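The structure appears below as structure tokens.
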Amino acid sequence: MTLININALGVTLGDPLFTDLTLTISKGDRIGLVAANGRGKSTLLACLAGDFDPSAGEITRAPGLRVGYVTQNVPEAALSQTLYDTVQATMPPEQAEYESWRVDVVLGDLAVPYEVQHQPLSTLSGG
């Protein structure tokens with residue numbers, strides 16, 4: 001099942017960050033982005049999440065798909081929150097109240113140790 005289809009995507013901010021990117025992301029795919037600093041990795045993720053408009057190309061998402069990502073710089077207000085609470089805060093309020101088990105599933109799938117899930121973000125390494 002295709003979740004995201006990227007066709008001829010490009011972003012130009014003065015100079016091109018990337019051009020003519022074509023990619024299909026299917027259920028179960030695991031993708032790593034590797035490039036030097038300033039090459040557009042975070043910008044690409046922002047495009048996939050719908051938080052940044054590309055200069056060229058198109059992104060098609062499966063119906064009902066919600067894309068989330070964590071920004072590079074943690075907002076100051078979030079530093080006192082735990083990782084668990086931060087992930088839970090991304091859920092719609094009515095869902096977070098009754099389906100917090102989903103946070104356990106996501107963090108479990110990422111193999112985040114329980115102790116780390118419940119530490120304030122300010123105590124965790126940026127890496």
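Where a number appears in this text, it was derived from the coordinates with a stated rule and is not lab data. As the structure is a prediction and not an experimental result, all values here were calculated from the model. Methodologically, a virtual Cβ is constructed for each residue, glycine included, from the backbone with ideal geometry; neighbour enumeration extends over all protein chains shown.
For the reader, a short list of remarks on this structure follows.
- The stretch 101-117 - phi-based ³J(HN,Hα) in whole Hz, Karplus 6.51/-1.76/1.60, Gly and Pro as x: 4, 4, 5, 4, 5, 4, 5, x, 4, 8, 6, 7, x, 3, 4, 5, 4
- Global geometry of the stretch 76-123, whether rounded, prolate or oblate, following the gyration tensor of its Cα atoms and the 1.5 cut on a/c: oblate
- Spin-label pair Ala56/Met1, simplified geometry with 7 Å Cα→Cβ offset, distance in nm: 3.3 nm
- From most to least packed by mean Cβ count within 10 Å, the peptides 99-105, 2-8, 58-64 give 2-8, 99-105, 58-64.
- Modelled FRET efficiency - R0 25 Å, Gln119 with Gln72, Cβ distances, 0.05 increments: 0.80
- Residue-span extension gain [Thr12 to Leu65] - 0.36 nm each, minus C-alpha spacing: 16.5 nm
- Distant-in-sequence amide H partners of Gly40 (H built 1.01 Å from N, under 5 Å): none
- Relative contact order %, the stretch 2-61, counting alpha carbon pairs below 8 Å whose residues are six or more apart: 46 percent
- Charge dipole (Cα centre; +1 on Lys/Arg Cβ, -1 on Asp/Glu Cβ; no other charges) of the chain amounts to roughly 360 debye.
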